[in-house]
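Input: a single structure, listed below in structure tokens.
The values are calculated or read from the model by the stated rules, or taken from the named source; none is laboratory data. Bear in mind that the values here come from a model prediction, so they are computed numbers and not experimental data. Counting neighbours? That spans all protein chains shown, and the Cβs are built from the backbone with ideal geometry, glycine included.
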């Protein structure tokens with residue numbers, strides 16, 4: 001794993017989590033029951049080395065909202081709100097001995113945490129004052145004086161909890177739960193077996209030899225007492241219909257601080273139906289678990305007819321996921337890749353790559369990203385992975401930014417589709433040439449166990465071009481480049497379009513129309529004409545799911561003709577009635 005990495009330090013930051021299961025930390029609401037559960041967060045110590053190290057400590061206390069007199073004025077940012085707590089907290093009697101909640105804004109994070117600490121708070125939770133991703137908290141002038149745990153949560157989390165906190169009785173646990181509770185078994189996302197990809201074209205899953213999912217999990221005893229009769233259950237559903245349900249025989253005992261891998265029958269079918277598959281792992285023992293939030297974990301994968309292949313998550317309706325970014329710390333130019341190998345690879349060709357990039361303060365307009373596909377011929381063993389025998393199958397394929405599309409997924413279509421061979425290893429890569437440009441990453445999954453199960457797929461190798469070195473593990477199994485491959489029949493899209501019967505719905509419609517495009521992906525140009533033949537709308541859309549959804553509120557009432565043109569210039573036409 002590359003250990004020297006640099007993160008975006010704005011709202012696009014990727015929160016880092018320790019790789020050891022026993023170093024996992026939690027932000028857990030324990031009471032009331034309707035709010036109970038874990039919430040995403042970043043912490044000050046992981047981000048910038050100030051405050052308390054949550055991997056070795058914890059706090060468990062009631063929450064209280066903190067207020068100051070609202071008169072603090074920052075010379076740059078202006079006046080702060082009465083819960084920004086840039087000045088002394090005025091309701092110290094409410095905050096003393098509790099976990100103080102307050103808002104981001106107007107002054108640095110450490111000053112806020114210091115004010116909470118001075119008022120007697122045992123921990124400080126800073127709530128984002130705007131919508132957006134979690135960020136890392138850089139210390140500032142007061143960092144060295146702060147000793148209490150300090151975490152950062154989203155505006156949505158703050159809104160969910162605020163009313164209940166003000167009413168009282170919200171109990172929160174922050175930190176490492178290992179050894180805190182008597183009876184506590186569980187696991188984290190790095191400890192469960194998952195599929196080797198998150199999006200798999202249906203043609204790559206036609207047999208149980210082309211695609212299979214090992215099922216199992218490492219179950220940990222985080223408690224102080226023996227865990228007796230530990231049982232693991234795995235349930236798989238496809239679009240809500242249960243298709244797999246297996247439970248371990250039981251009888252296992254796990255000592256405090258120890259763990260056990262429990263293996264269940266692999267999931268395989270000789271012909272997989274397309275759909276969204278969800279795997280739910282559940283863990284129980286004889287004793288009532290005192291921290292049940294880590295007793296159930298889910299993972300998923302999507303077998304699709306749209307020709308989408310990815311290691312990162314792609315939602316069938318919302319498209320690719322991953323709006324954080326990473327890059328090597330000491331390198332301007334780098335190339336980050338995902339691997340592909342399948343026994344039915346010849347059935348599809350790569351038509352293009354979808355990706356996103358982010359920056360701290362750079363306008364992306366005029367920037368370029370190179371996209372490439374390599375035939376990868378180096379042998380792989382459990383001790384050796386090399387990148388000496390790469391044969392590039394693309395030729396100077398670049399995506400040129402014509403606008404500042406920060407964090408937005410864009411698609412580059414290759415001049416010629418890249419035809420594939422069965423059982424051949426490939427790398428699909430994006431190359432960044434400019435410092436401060438970060439490739440999008442999906443940090444919401446972890447291929448830790450999948451990495452062990454699929455030795456012939458080294459998932460996310462990274463080429464540090466400036467340093468002249470490849471790193472087979474990239475930034476680790478928990479940081480997945482959000483690179484999505486678009487594949488199609490080698491004979492072209494036209495064949496699929498000829499077989500396509502487009503039945504838009506609802507029709508008539510008032511606001512939105514759904515256009516089913518099963519088996520087709522890539523750029524789609526939509527031209528709309530009114531009843532008089534006037535050209536009233538033209539849009540080019542990156543189509544990554546089986547359903548194209550369009551807003552028609554700007555169209556006048558009446559019958560409209562829609563003409564869809566695909567990447568290979570094939571097209572189809574249908575009509576939609578718009579009502580007002």
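Residue 87 passes every criterion in (1) at pLDDT below 90; (2) under 18 Å from residue 137 (Cα atoms); (3) assigned by TED's automatic domain parsing to the domain that holds residue 114 apart from (2).
Scanning the range 106-126 for residues being out of contact with any strand residue (DSSP E or B) (no Cβ under 6 Å at 6 or more places or on another chain) and either in a loop (DSSP other than H, G, I, E, B) or not assigned by TED's automatic domain parsing to the domain that holds residue 48 (or both) gives a total of 3.
Checked against (1) crowded, with 17+ Cβ neighbours inside 10 Å; (2) closer than 22 Å to residue 405 by Cα, residue 338 meets all criteria but (2).
Quickly run through the range 132-169 and pick out the residues that are under 15 Å from residue 102 (Cα atoms) and in a loop (DSSP other than H, G, I, E, B). Let's see the steps before the verdict.
Of the range 132-169, the ones under 15 Å from residue 102 (Cα atoms) are 137, 148-166.
Answer for the range 132-169, where residues must be under 15 Å from residue 102 (Cα atoms) and in a loop (DSSP other than H, G, I, E, B): 137, 148, 149, 154.
When residue 434 is tested against (1) part of a loop (DSSP other than H, G, I, E, B); (2) surrounded by 21 or more Cβ atoms within 10 Å (Cβ to Cβ), only condition (2) is not met. The lone criterion from (1) within 26 Å of residue 172 (Cβ to Cβ); (2) touching a residue at least 24 places away in the same chain (Cβ under 8 Å); (3) in contact with a strand residue (DSSP E or B) (Cβ under 6 Å, 6 or more places away or on another chain) left unmet by residue 289 is number (3). Only one of the numbered conditions (1) in contact with a helix residue (DSSP H, G or I) (Cβ under 9 Å, 6 or more places away or on another chain); (2) surrounded by fewer than 22 Cβ atoms within 10 Å (Cβ to Cβ) is violated by residue 317, and that is (1).
Considering every residue within the range 358-368, establish whether at least one is within 29 Å of residue 305 (Cβ to Cβ), over 26 Å from the mean Cα position of the chain (by Cα) and either surrounded by fewer than 12 Cβ atoms within 10 Å (Cβ to Cβ) or at pLDDT 90 or above (or both). The answer is no; no qualifying residue exists. Screening 449, 465, 445 for residues that are at pLDDT 90 or above and surrounded by fewer than 23 Cβ atoms within 10 Å (Cβ to Cβ) leaves exactly one candidate, 465.
Residues of the range 214-229 being crowded, with 20+ Cβ neighbours inside 10 Å and under 21 Å from residue 452 (Cα atoms), which ones?
Of the range 214-229, the ones crowded, with 20+ Cβ neighbours inside 10 Å are 215-217, 219-223, 227.
Listed by number, the residues that qualify are 215, 216, 217, 219, 220.
If only residues of the range 377-399 that are on the phi < 0 side of the Ramachandran plot and surrounded by fewer than 11 Cβ atoms within 10 Å (Cβ to Cβ) are counted, the one that is modelled with the highest pLDDT is 391. The single condition among (1) surrounded by fewer than 18 Cβ atoms within 10 Å (Cβ to Cβ); (2) modelled with pLDDT under 90; (3) out of contact with any helix residue (DSSP H, G or I) (no Cβ under 8 Å at 6 or more places or on another chain) that residue 570 does not satisfy is (3). Taken over the range 174-209, the criterion of being under 13 Å from residue 30 (Cβ atoms), surrounded by fewer than 22 Cβ atoms within 10 Å (Cβ to Cβ) and touching a strand residue (DSSP E or B) at 6+ places or on another chain (Cβ under 8 Å) is satisfied by 180 alone. Scanning the range 334-344 for any residue that is over 18 Å from residue 479 (Cβ atoms), assigned by TED's automatic domain parsing to the domain that holds residue 446 and touching a strand residue (DSSP E or B) at 6+ places or on another chain (Cβ under 8 Å) turns up at least one such residue. Can you name the residue in the range 31-46 that is in contact with a helix residue (DSSP H, G or I) (Cβ under 9 Å, 6 or more places away or on another chain) and outside any loop (DSSP other than H, G, I, E, B) and, of all such residues, is surrounded by the most Cβ atoms within 10 Å (Cβ to Cβ)? Only one residue tops the list, namely 44.
Conditions (1) at positive phi; (2) surrounded by fewer than 17 Cβ atoms within 10 Å (Cβ to Cβ); (3) modelled with pLDDT of 95 or more, marked per residue:
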position	(1), (2), (3)
231	no, no, yes
250	yes, yes, no
265	no, yes, yes
294	no, no, no
297	no, no, no
